[in-house]
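A.B. asks: First the structure, which I've put down as structure tokens, then a few questions once you've had a look.
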Amino acid sequence: MDNVNNSGNEPEALTSELSQADIAALGISAQAQHEKPDKRRLAIIIAAVVLAVLAVALIASFFTARWYYKDKAAPGVRLGNVAVAGQNAAQLKQTVDHEVQNSKLAISDGQGKKATAGFKDLGVNVDVDKTVRNLMDAKGDGAGRVVPFSKASVKLVAKTDDLPIDTYLTKTFVKDSDQAVPSSVAFDGNANKFVANAGHGGRAPEMSGVKNSINTLIADPGQTKSVKVTYKTIDTPVSQSTAATAADAANKLLANKIVIGNGDATQFEVPVAQLAAWIKPNTDIEKGQISLGIDKDAITSYINSEMPKQLNQNMVSQQDIVDGTGKVMLTMTKGVNGVKVKDGAAVADQVYNAMTSGQPATIQEAADITKFDVKQQKSEMRIVVDLSSQTATVYKNDQQVKTFLVCTGAPGGDETDLGNYFIYLRYAVQTMRGPGYVSPNVRWVSYFNGGEGFHTADWNPTGIAKGDPAHYGSHGCVNMNVGDAQWIYDNCPQGTLVQVVGSQPSGPVR
């Protein structure tokens, strides 16, 4: 039993000792294992921080790029093969102008004749402003706009016409005596209509290769491209009857009036010559046809520049002369509403639609309208010219002040006009002129109705004394003695009400 017990106790003691050693060893291992996760967590944290910093930097870079390129051509944008990224509108315009100027065709006919032609020579109309806008808008305005590896190639916005191309090639490569001339349509400013000009047959250049080269330059400007032309014998490329038909169609468009109003009292009819400038006969030499186009860009440009001049109005206060009771005796200045037109683009669209549909149009342009105000002026001084008695009586605040003897206009068309007027212009001394007369050094002149006014007439004392306009009458003015005319001048300022009453006498009234 003891042996058994001893035998059983020894393993327990050894086990106890080994367990402590194992525990010690395990303690070291646990510490090591504890340290490794801490280092991994630290590495993960550092990586996360780095990624966060990079993300912030990328986001900041993105928004910085968006801000920088908001008014510039985006990265990867090219005009043909010319990189324009980062250029603003003014710089883009310079680039486009430069590329247009350097777009050339080196043309030869293989028979010794050569020429170098630019877009202007060939009638290619480049819209620089639209091209610049297309460059600015390339790649849109979304998130992909500032992505540098995204590319966008923009070509020139340009219009071509067969007629100027054919005209240039013909004049350059074909002798005058050999040329085939197409019938054409042109506006005759003297007759205010389109007319057909007859052409004739002859030798003509084949221009398809030139047209293809022009299109290549439009897509990729700024280079000199070589092209060869050949010749062909033809009848007139466009018949006279074709041109006459096109001229008739153009004249029908001219007959449609385009009237534009400002929403108030002012209207403006577009002149026939201006309508004609918007009608573009387009000649297709190869097909022998003339079609009519309407130049919308020209319409828009005209509307935006001309309509404000024609239709805008400054507000003008109405000025009324009233009597002591407030009754309006005369309107010195008629009131005018203030008008400022504001939607030229909509009007241009309506004009274009009317012309393309061949219809007349009366268009109201949208406008801000300021209603005029009314100012009243009491007439302290008032002059009553009585034709029947040939007198001029002055009232101040409706109280009679003076009565003067006068001689008014002669019968037969020179009578002093009946009605209410006001003194609007005065001269201390003036040379008076009219049909068949010149009167120098006329003193104390007070005009109240166009060329009618009070003034001295020291050459007409008899007519004034007798009150006899039938035999001594003026050309419409009120003749007065010197002192009387001066009194009117000194005491009756501009704005004085003048009332002409009575009837024209047939002889002296005094």
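The values are calculated or read from the model by the stated rules, or taken from the named source; none is laboratory data. If you're wondering where the values come from, they're calculated on a predicted model, not measured in any experiment. Here the Cβ is made from the backbone with ideal geometry for all residues, glycine too, and neighbour counts use every protein chain on show. Heavy atoms of the whole protein, side chains included, go into the accessibility calculation; ligands, DNA and RNA do not. Shrake-Rupley method; radii C 1.70, N 1.55, O 1.52, S 1.80 Å.
A.B. asks: Would you point out the residue of region 164-173, among those that are surrounded by fewer than 19 Cβ atoms within 10 Å (Cβ to Cβ) and in contact (Cβ under 8 Å) with a residue 40 or more places away in the chain, that is nearest to THR233 (Cα to Cα)?
C.D. replies: In this case the residue turns out to be THR172.
A.B. asks: Looking at LEU156, LEU122, which one is open to solvent by less than 30 Å² (accessible area, probe 1.4 Å), assigned to a loop (DSSP other than H, G, I, E, B), of a type outside the set (D, E, K, R) and more than 20 Å from ALA85 (Cα to Cα)?
C.D. replies: Exactly one of LEU156, LEU122 is open to solvent by less than 30 Å² (accessible area, probe 1.4 Å), assigned to a loop (DSSP other than H, G, I, E, B), of a type outside the set (D, E, K, R) and more than 20 Å from ALA85 (Cα to Cα), namely LEU122.
A.B. asks: Of a type in the set (S, T, N, Q), farther than 30 Å from GLN319 by Cβ and in contact (Cβ under 8 Å) with a residue 60 or more places away in the chain, is that true of GLN504?
C.D. replies: yes
A.B. asks: Let me ask something else about it. Checking the conditions here, which among LYS252, LYS296, LYS257 is of a type in the set (Lys, Arg), out of contact with any Gly (no Cβ under 8 Å at 6 or more places or on another chain) and surrounded by fewer than 15 Cβ atoms within 10 Å (Cβ to Cβ)?
C.D. replies: Answer to the check: LYS257.
A.B. asks: Could you please find all residues in region 178-214 being farther than 30 Å from ASN256 by Cα and either without any contact (Cβ under 8 Å) to a residue 24 or more places away in the chain or among the acidic types (Asp, Glu) (or both)?
C.D. replies: The answer is ASP178, GLU206, GLY209, ASN212.
A.B. asks: Quick one: in region 132-151, of everything that is surrounded by 13 or more Cβ atoms within 10 Å (Cβ to Cβ) and in a loop (DSSP other than H, G, I, E, B), which residue is modelled with the lowest pLDDT?
C.D. replies: The qualifying residue modelled with the lowest pLDDT is VAL147.
A.B. asks: Here is a list: ALA138, ALA85, ALA74, ALA106. Which entry is touching a residue at least 12 places away in the same chain (Cβ under 8 Å) and touching a helix residue (DSSP H, G or I) at 6+ places or on another chain (Cβ under 6 Å)?
C.D. replies: On the way: ALA138 fails: touching a helix residue (DSSP H, G or I) at 6+ places or on another chain (Cβ under 6 Å); ALA85 fails: touching a helix residue (DSSP H, G or I) at 6+ places or on another chain (Cβ under 6 Å); ALA106 fails: touching a helix residue (DSSP H, G or I) at 6+ places or on another chain (Cβ under 6 Å).
ALA74 is the lone residue from the list that is touching a residue at least 12 places away in the same chain (Cβ under 8 Å) and touching a helix residue (DSSP H, G or I) at 6+ places or on another chain (Cβ under 6 Å).
A.B. asks: Looking at (1) assigned to a strand (DSSP E or B); (2) under 26 Å from the mean Cα position of the chain (by Cα); (3) under 27 Å from ASP127 (Cα atoms); (4) in contact (Cβ under 8 Å) with a residue 40 or more places away in the chain, can you tell me which one ILE290 breaks?
C.D. replies: Looking at each condition in turn, ILE290 falls short on (2).
A.B. asks: Under the condition of being part of a strand (DSSP E or B), open to solvent by 20 Å² or more (accessible area, probe 1.4 Å) and of a type in the set (Ser, Thr, Tyr), which residue from region 374-418 is nearest to ASP320 (Cα to Cα)?
C.D. replies: That would be TYR395.
A.B. asks: Are any of the residues in region 67-84 among the aromatic types (Phe, Trp, Tyr), modelled with pLDDT of 65 or more and part of a loop (DSSP other than H, G, I, E, B)?
C.D. replies: Checked against the condition, which is being among the aromatic types (Phe, Trp, Tyr), modelled with pLDDT of 65 or more and part of a loop (DSSP other than H, G, I, E, B), region 67-84 yields at least one hit.
A.B. asks: When both residues are 6+ apart or on different chains and their Cβ atoms are under 8 Å apart, which pairs have a first residue that lies in region 372-384 and is farther than 20 Å from PHE454 by Cβ and among the basic types (Lys, Arg), and a second that is in a strand (DSSP E or B) and at pLDDT 90 or above?
C.D. replies: LYS375/GLN318; LYS375/GLN319; LYS375/ASP320
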